[in-house]
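Worksheet for the structure shown next.
Read the figures in this text as sums done on the coordinates, not as results from a lab. These figures come from a predicted structure and were not determined experimentally. So basically every Cβ, Gly included, is an ideal-geometry build from the backbone, and we count neighbours across all protein chains shown.
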């Protein structure tokens, strides 16, 4: 991780357990095959409006909705108390690239330029094997927005050139790993542009004769800055499965309301952590990163918290918590 400013900060931390980044177009297809292999039925369904969802809910004990777009806005309205953003804080552009050597040791890198944007570069498993995903998070109106233009959808070579120019200026350590002759998008379709407004919606709905529970992107849309979207959705899915298996009685409004609040206890640290990082660096976060850049024990403890959102949020939410986190990390024996 590299943070630019009056004085650049560079820190490297090790996760306590291996992590991976997998192309969802492959991963979700594999999950669907697993469902059918275990006797489940996969049905293609594209709701046109809330009436279609109501019909589906009426035919089942409970409808769990994990993804959706405009047709769900009436079903699960925005929760203003939990949704501080009304416009997108970042404009996003990304792609899968060949010609980038993985870092040593393998992992992901992040370059942060406060007030301008972020450059993420995780090693990624996709259809072509191991590649590098580069995601640009551009603060609207600032320098990074040059790579978020819509014409890149039809001109992938221009997009790759602008990404290379941006990396050359703002991510020198990533630039050093790029082979100019090999660099480019893995395929013309392996590119993404867009913007999203971080939003928390009402987590459940009564739908005529049935009920619907929202999880995943149907309930909470987080900016990918902290790379927690799929992780949070997965955690919610396991939590819902356990609740369904242990519940005695009807899956009614009381069940949905209670479970939704339990899910929020899991989700809130992720939402608060991500929203904090989208703004100007809080003083205690700046202090933590400064110490971590010079102390491997603190860097490793900070990076380990990427896999523990409640611990991460607690460690950065208040200055006294951050001071205690740093003290605890520095009291451990470094293995470096």
Taking all pairs of distinct Cα atoms, average 1/r, flip it, and tell me the Kirkwood hydrodynamic radius of the range 56-111 in Å to one decimal place. 16.7 Å
What shape does the range 189-238 have by the C-alpha gyration tensor, where a ≥ b ≥ c are the square roots of the eigenvalues, rounded means a/c under 1.5, and otherwise prolate means a/b greater than b/c and oblate the rest? prolate
Percent of Cα pairs exceeding the 21 Å cut-off, where the set is the range 160-303: 64 percent
Using a 10 Å cut-off on Cβ atoms, rank the peptides 199-208, 314-323, 215-224 from the highest mean neighbour count down. 215-224, 199-208, 314-323
Please tell me the relative contact order of the range 192-336 in percent, rounded to the nearest whole number, where contacts are Cα pairs under 8 Å and at least six residues apart. 19 percent
Shape call, the range 218-310: gyration tensor on alpha carbons, a/c limit 1.5: prolate
On Cα atoms only, tilt of 24-37 relative to the major axis of the chain in degrees: 40 degrees
Rounded to the nearest 0.05, what FRET efficiency do residue 8 and residue 243 give with R0 = 51 Å and r taken as the Cβ-Cβ distance? Could you check? 0.65
Rh (Kirkwood; distinct C-alpha pairs) - the chain, Å: 21.8 Å
Fraction of alpha-carbon pairs over 19 Å apart in the range 1-99 - percent: 72 percent
What is the angle, in °, between the Cα long axis of helix 229-246 and the longest principal axis of the Cα atoms in the chain? Nearest 10 is fine, range 0 to 90. 30 degrees
May I ask you to order 27-36, 161-170, 121-130 by the average number of other C-beta atoms within 10 Å around their residues, highest value first? 161-170, 121-130, 27-36
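Let me make sure I get this right: for the range 91-195, a, b and c are the square roots of the gyration tensor eigenvalues over alpha carbons, sorted descending. Under 1.5 in a/c it's rounded, otherwise prolate if a/b > b/c, else oblate. Which is it?
It comes out oblate by the Cα gyration axes.
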How far, in degrees from 0 to 90, does helix 253-278 lean away from the longest principal axis of the Cα atoms of the chain, to the nearest 10? 10 degrees
Cα centroid separation - the range 23-83 against the range 200-218, whole Å: 10 Å
Average Cα contact separation per residue, the chain, under 8 Å, 6 or more apart, as relative contact order %: 22 percent
Ranked highest first by the average count of other Cβ atoms within 10 Å around their residues, in what order do 267-274, 136-143 fall? 267-274, 136-143
